[in-house]
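Participant: Just dropping this structure here.
The values are calculated or read from the model by the stated rules, or taken from the named source; none is laboratory data. Predicted model, so just to flag it, every value in this text is computed and none were measured. Here the Cβ positions follow ideal geometry from the backbone for every residue, glycine too, while neighbour counts run over all protein chains shown.
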Amino acid sequence: MPLWHLRQNPGSHQVRPGRFPVNTIASFSRRDFLRLSGMTCSGLILGFSAKGETSSSKNLSPDIFLTLEPSGAIQIYAHRSEMGTGIRTVLPMVVADELGADWEDVDIKQATGDKKFGSQNTDGSRSIWKFFDRMRTAGATAGFLLNQAAAARWNVDPGTCQRNASHVIHKESGKRIAFKELVVEAAKLPLPETNELVFKAPTERTYIGKGKKVVDFADMVSGKAVFGADVRLPNMLFAVVERSPVLGAQWKDFDEEAPLSVKGVSQVVTIAPFKAPHAFQALGGIAVLADNTYAAIKGREKLNTQWGTSEHDKYDSDAYRDELMATAEKEGVVVRQKGDYKEAVKGLTTHSASYYAPHLLHQPMEPPVATADFKDGRCIVWAPTQNPQAAQDVVAAALKIPASEVTVHVTLLGGGFGRKSKPDYVAEAALLSQKVGRPVQVVWTREDDIQHDYFHSVAALKLEAGLDKNGYPEAWRMRTVFPSISSTFAKGVVQASAGEMGMGFSDLPFDLPHILCENGPASAHVRIGWLRSVANIQHAFGIHSFVDELAARAGIDPLTYLNRIIGRDRKIDLKAEGAEYSNYGAPIEKYPVDTARLKHVLNTAARSADWGRPLPAGQGQGIAVHRSFVSYIAIAVRVRVLGRKVLIEQVDLAIDCGLAVHPERIRSQMEGSVVFGISLAMMGKATMKNGAVEQSNFHDAPVARITDAKPKINVSLIQSDAPPGGVGEPGVPPFAPALCNAIFAATGKRIRSLPINEYDFAEA
């Protein structure tokens, strides 16, 4: 077995790296799915053909999700990247459940990148809600054909057959026959019509809603699992790259000879600077190649590179903060308008506040790394990437070869958080391999990762409410100002996209007669990219901190206040209020903005936290609720504050993500979201002076450690019959405001700027 292959997992669940496609399966109808499926005479295969062909033999396209072989093996392809969520287990589990397969017969293979798998970009908390129905359909279609084949053998009605443990069973007689004995016959049958498929009722499911052990766990804990840095190829070189500390600057001079004095260093090679807009291109720089990473790093230290100027040389994040805050005071582009705020507020008492969130870092435990082997006009890549299709495209563009000549194998990811959906590091490896004629592994050090990140955008918010005599808002205006992710892909962009506005801002769920949402302009001076939960981070922080301020001003319990302003149970029609709302790409009819679900998680978290009970001096509770990625999450936090030290005692989280496909994985993701939220809220920050990032490693860009992240975490998983929603990201946004509100309850000190560790509560 090649060294880059992932080893055998417990049972027969073998997983191999893969790559990504371009089409999106989610855009197909179920009818299209069936017509794009096919079979071969050697085994029953179900998948997608870009040409829309179906065949019983050689005409089948090899891009598949499910293959049943006469040997009894059931191969299910996992087409999403595994970075700790368990998705490589969960989606195959859905197929196996509808099929009626014995889990021990399932052989999970990591899909290679191919258009027929649809989108494999594993971000945006989309894997389950986009592909749940498709995976069920694959299993149910194969099961239908197996039932037909068994019924023909027994001369019975197929409707009297059911499937379990890789067998078809005749309910009336008790006859059983293994799938493997039916494969050849089933492969010759015509595909069913849409209305012929019968899906399992919830009570009949074996795995969905219950879960299975993550197939990679044993290899992970035993050290057998293959991550990006574990890839080894014959004759491979290791490379580190010296990149400009300021975005867009080019080198003027460097010492090409000095690195060669380091034992093990073989070459110094340049990578051409990117051409704006930078998108996912390699940044450019000087690469030092060696037979080990240590030599490459020590060689890089001897480059003595002199850098030229850049349009971003003067970027100072502290000064830019003042600029953003000033912009938030001015009228912006209206992104949602209900009623007439300006007229309504004239006769009302107003309260306003401004909030600030800094640039944030991804900081996955495994920094970017990629291995490439360019040979004879083809390039094979091994990388821990969330987006192999983008990697395929960016490598093809960099090498000036067709994308069809690029193969991207996906290893396990040691964390992603959105960073590894941007494959600039993959392009670096490919370019270097092409230049030196050998396989090359590009390694990013922790310093590289921090100083050349795609940073979460710095943001300023200004909120103002016109209040009635009881202190509740009748009119609400808010402005958000931040450099847009769109600046990564188009030069000169200064306004946020509608997608970013729909992340906790223009989709404000409050039942108020007058709402005005505006977006102010902001230019980007570093690479801006999506981080786990994206613009929801700053919007949830500002909005739910402000709600808590309004409740305190009115002398009303925050839980009571929140329930009141969320208001009546309803499905919000944002388009009727002029908001361009993408709903995270999900159909609004299937995934409406439902305030009943929002209030349900809010009150569930409050009950779990024993909200409102008397607490000793120095302790406090805070609460926040947020909808993102078509799921609903509320978080209540209890803290104890001792001088500068904030001790997070307990976190109570309630989530309604629709159908809970794998409850244990959902709970794990929620616990992880809390820890991630602690890092962002307590200590998350990147600053720039003269265009360069000031932080370099965990000593000055810390993340939560065990001593910081040991609260008791209670997760309430709402049982729901709604379609499954996102899980990986929605737990992050409500944490920061809930924590800040708890600190206010304990100290009386408001936090309007993150991170929290910059405050001294002894002065409160």
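Participant: If I filter segment 470-513 down to residues being aliphatic (A, V, I, L, M) and part of a loop (DSSP other than H, G, I, E, B), which single residue comes out as surrounded by the fewest Cβ atoms within 10 Å (Cβ to Cβ)? Show your work before the answer.
Facilitator: Here is the first cut: in segment 470-513, the ones aliphatic (A, V, I, L, M) are 475, 478, 481, 485, 490, 493-494, 496, 498, 501, 503, 508, 512.
This time we only want the ones that are part of a loop (DSSP other than H, G, I, E, B), so: 490, 493-494, 496, 503, 508, 512.
Numbers: A490: 11, V493: 20, V494: 15, A496: 30, M503: 27, L508: 21, L512: 19.
Once the filter is applied, the top-ranked residue is A490.
Participant: Here's another thing I want to ask about it. Quick one: which residue in K302, K252, K263 is touching a strand residue (DSSP E or B) at 6+ places or on another chain (Cβ under 7 Å) and over 17 Å from K435 (Cβ atoms)? Walk me through it before giving the result.
Facilitator: Details: K302 fails: touching a strand residue (DSSP E or B) at 6+ places or on another chain (Cβ under 7 Å); K263 fails: touching a strand residue (DSSP E or B) at 6+ places or on another chain (Cβ under 7 Å).
Sole residue among the options that is touching a strand residue (DSSP E or B) at 6+ places or on another chain (Cβ under 7 Å) and over 17 Å from K435 (Cβ atoms): K252.
Participant: Next question. What number of residues within segment 97-133 satisfy the criterion of being over 29 Å from I485 (Cβ atoms) and of a type in the set (D, E)?
Facilitator: Start the filter on segment 97-133 by keeping residues that are over 29 Å from I485 (Cβ atoms), which leaves 97-109.
Filter once more, so that each one left must be of a type in the set (D, E): 97-98, 102, 104-105, 107.
Residues meeting the conditions: 6.
Participant: For segment 515-533, which positions are among the hydroxyl-bearing types (S, T, Y) and surrounded by 24 or more Cβ atoms within 10 Å (Cβ to Cβ)? If you could, list the steps in order and put the result at the bottom.
Facilitator: Applying the first criterion (among the hydroxyl-bearing types (S, T, Y)) to segment 515-533 yields 523, 533.
Residue satisfying the conditions is S533 alone.
Participant: Kindly indicate which of A258, A272, A290, A249 is touching a Gly at 6+ places or on another chain (Cβ under 6 Å), more than 24 Å from V693 (Cβ to Cβ) and either in the same structural domain as K302 (by TED's automatic domain parsing) or crowded, with 23+ Cβ neighbours inside 10 Å (or both). Give the derivation first.
Facilitator: On the way: A258 fails: touching a Gly at 6+ places or on another chain (Cβ under 6 Å); A272 fails: more than 24 Å from V693 (Cβ to Cβ); A249 fails: more than 24 Å from V693 (Cβ to Cβ).
After ruling out the rest, the residue left standing is A290.
Participant: Moving to a separate point now. Can you pull out the residues in segment 299-342 that are within 17 Å of C517 (Cα to Cα) and outside the structural domain of Q495 (by TED's automatic domain parsing)?
Facilitator: none
Participant: Go through segment 673-697 and count every residue that is touching a helix residue (DSSP H, G or I) at 6+ places or on another chain (Cβ under 7 Å) and either among the acidic types (D, E) or over 21 Å from F541 (Cα atoms) (or both).
Facilitator: So the answer is 5.
Participant: While we're on this one: Is there a residue being assigned to a helix (DSSP H, G or I) and farther than 30 Å from L531 by Cα anywhere in segment 104-111?
Facilitator: yes
Participant: In segment 209-235, how many residues are surrounded by fewer than 18 Cβ atoms within 10 Å (Cβ to Cβ) and part of a loop (DSSP other than H, G, I, E, B)?
Facilitator: 8
Participant: So, S679, is that one of a type outside the set (F, W, Y), closer than 30 Å to Y315 by Cα and in contact with an Asp or Glu (Cβ under 6 Å, 6 or more places away or on another chain) or not?
Facilitator: When the stated conditions are applied, S679 does not pass them.
Participant: Same structure again: Go through A295, A326 for me and flag whichever is assigned to a helix (DSSP H, G or I), among the aliphatic types (A, V, I, L, M) and exposed (fewer than 14 other Cβ atoms within 10 Å of the Cβ).
Facilitator: Residue meeting the stated conditions: A326.
Participant: May I pose another question? I want to confirm something. Restricting to segment 579-621 and keeping residues that are among the aliphatic types (A, V, I, L, M) and more than 22 Å from D652 (Cβ to Cβ), which single residue is surrounded by the fewest Cβ atoms within 10 Å (Cβ to Cβ)? Steps first, answer last, please.
Facilitator: Of segment 579-621, the ones among the aliphatic types (A, V, I, L, M) are 579, 586, 588, 593, 596, 598, 601-602, 605-606, 609, 615, 617.
Keeping just the survivors that are more than 22 Å from D652 (Cβ to Cβ) gives 579, 586, 588, 593.
Details: A579: 23, A586: 19, I588: 16, V593: 21.
Restricting to residues being among the aliphatic types (A, V, I, L, M) and more than 22 Å from D652 (Cβ to Cβ), the top hit is I588.
Participant: Look through F489, F455 and report the one residue that is aromatic (F, W, Y) and touching a Leu at 6+ places or on another chain (Cβ under 9 Å).
Facilitator: That would be F455, the only listed residue that is aromatic (F, W, Y) and touching a Leu at 6+ places or on another chain (Cβ under 9 Å).
Participant: Moving on to the next point. Can you find a residue in segment 211-225 that is under 30 Å from L289 (Cβ atoms) and in contact (Cβ under 8 Å) with a residue 24 or more places away in the chain?
Facilitator: Scanning segment 211-225, I find at least one residue that is under 30 Å from L289 (Cβ atoms) and in contact (Cβ under 8 Å) with a residue 24 or more places away in the chain, so the answer is yes.
Participant: Let me ask something additional. Would you please name the residue that is surrounded by the most Cβ atoms within 10 Å (Cβ to Cβ), looking only at residues in segment 416-443 that are among the aliphatic types (A, V, I, L, M) and outside any helix (DSSP H, G or I)?
Facilitator: In this case the residue turns out to be V442.
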